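This report refers to the structure that appears directly beneath it.
The values are calculated or read from the model by the stated rules, or taken from the named source; none is laboratory data. It should be emphasised that the depicted structure is a prediction, and the values quoted were computed from it without experimental measurement. Here the Cβ positions follow ideal geometry from the backbone for every residue, glycine too, while neighbour counts run over all protein chains shown. Calculation scope for accessible area: heavy atoms of the full protein, side chains included, ligands and nucleic acids excluded. Shrake-Rupley method; radii C 1.70, N 1.55, O 1.52, S 1.80 Å.
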Amino acid sequence: MHEVRVVVSPYRICPLGAHIDHQGGTVSAMTINRGILLGFVASGDPQVLIQSGQFQGEVRFRVDEVQRSKHATTTPAKVFPNDSSEECNWGSYGRGALYALQRAGKQLTQGIIGFICGSEGLDSSGLSSSAAAGVAYLLALESANNISVSPTDNIELDRLIENEYLGLRNGILDQSAILLSRHGCLTYMNCKTKEHKLIPSPRLQMHEESEELRAYRILLAFSGLKQCLTTNPGYNHRVAECREAAKVLLDSCGKSQIEPLLCNVEPEVYEAHKHKLKPILARRAEHYFSENARVTKGLEAWASGKWKEFGVLISASGLSSICNYECGSEPLIQLYEILLRTPGVFGARFSGAGFRGCCLAFVESKHAEEAASFVKNEYHKLQPDLANHLQKTTQVLICDAGDCAHVI
């Protein structure tokens, strides 16, 4: 009998550093105590068979099949027997993991038989459930084949799933948070150098499990909006605009040979030449440089336990995402504005790309329940149709910090 193992792959939030990882910016992130579980056994042959707790059908493929980029070949992952074209075609992530491992030169002989599910009743939009799924499949296939891969190498492998296999032009924030985070710490990462560090909160004591001693809780408020980033052109368009802004700025200072990423533009160069940018490109660049500065200030506030200061920076990040990066929609912006006037909230912003999903907030622990009730009631007044499609028990969720992805 093969040993049953379980991958725990948590969802993540990004308090500061939104929309700048793909430009090599500095970001902050942490996981929450919700996520994906993938229970599996080695199949004893190359066959992979996966069922899902959320989606219909089952996914089948073999680890000795050569995988090619899905968005380049338009070959869909096969889901049997009831492929109902569920959101993002959930079978793609397992094949994407195999694609990434093959690209890295890993030799796999063992498939897996598994069952994957997300946190029950939770709409994971905006919490990087796609990256969590990719990481889960990577860890399962590596475990079944006795392949040892470091967290930093798995970050690169999951990037291959998203960028090459699925065609999403995102950065490495999501994978980094899921694979590097530690309970009670804020994960900092420089997406240009790949340098990372864990910053503990000074307010976390030995008895942190006591609710009375928690300084903050994490509030997730869901909008009811759903759309895959791989089918939403807004995300990739903004990445392209950031690169165009970087090219103009680098050309202006005689460095046109450098890769057009905003991380390669010095702040002084930006200040000296930003007047040359078209208005839309100027807004994208302003978000990048101001968000980088907010991350630096936010790390200092977190390390000092200055929750109000940390929250103000989160809210400013949210405003810049709306005004400069121009993501969001009416329901998400309404949720953000509700959170800003919610009792006990330190700060709030969109979670994830900002085109669907939820908003996050850091809230004073003793006001968490009151805040959740307030947000739920206020959002229902503004968006009754969307609110009615959400499960009442998980429409606004109170969470705590989580740990990194691992196999048990």
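Scanning the stretch 259-303 for residues that are over 20 Å from Cys323 (Cα atoms) and among the polar types (S, T, N, Q) yields Asn264, Thr296.
All of Gly35, Gly44 fail the test of being closer than 16 Å to Gln110 by Cα and assigned by the TED database to the domain that holds Ala177, apart from Gly44. With respect to (1) within 17 Å of Gly311 (Cα to Cα); (2) open to solvent by 50 Å² or more (accessible area, probe 1.4 Å), the lone exception for Ala348 is condition (2).
Against the conditions (1) on the phi > 0 side of the Ramachandran plot; (2) under 23 Å from the mean Cα position of the chain (by Cα), Glu291 satisfies every one except (1).
Would you confirm whether or not the stretch 226-248 contains a residue that is open to solvent by 30 Å² or more (accessible area, probe 1.4 Å) and not in a helix (DSSP H, G or I)? Yes, that holds for at least one residue. All conditions in (1) crowded, with 20+ Cβ neighbours inside 10 Å; (2) under 18 Å from Ala136 (Cβ atoms); (3) modelled with pLDDT of 90 or more hold for Val6, with the sole exception of (1). Here the stretch 357-390 is the region considered, the condition is being polar (S, T, N, Q) and in contact with a strand residue (DSSP E or B) (Cβ under 9 Å, 6 or more places away or on another chain), and the residue that is nearest to Asn154 (Cα to Cα) is Ser365. Residues that are at pLDDT 50 or above and at positive phi were ranked within the stretch 55-102; the one that is surrounded by the fewest Cβ atoms within 10 Å (Cβ to Cβ) is Gly57.
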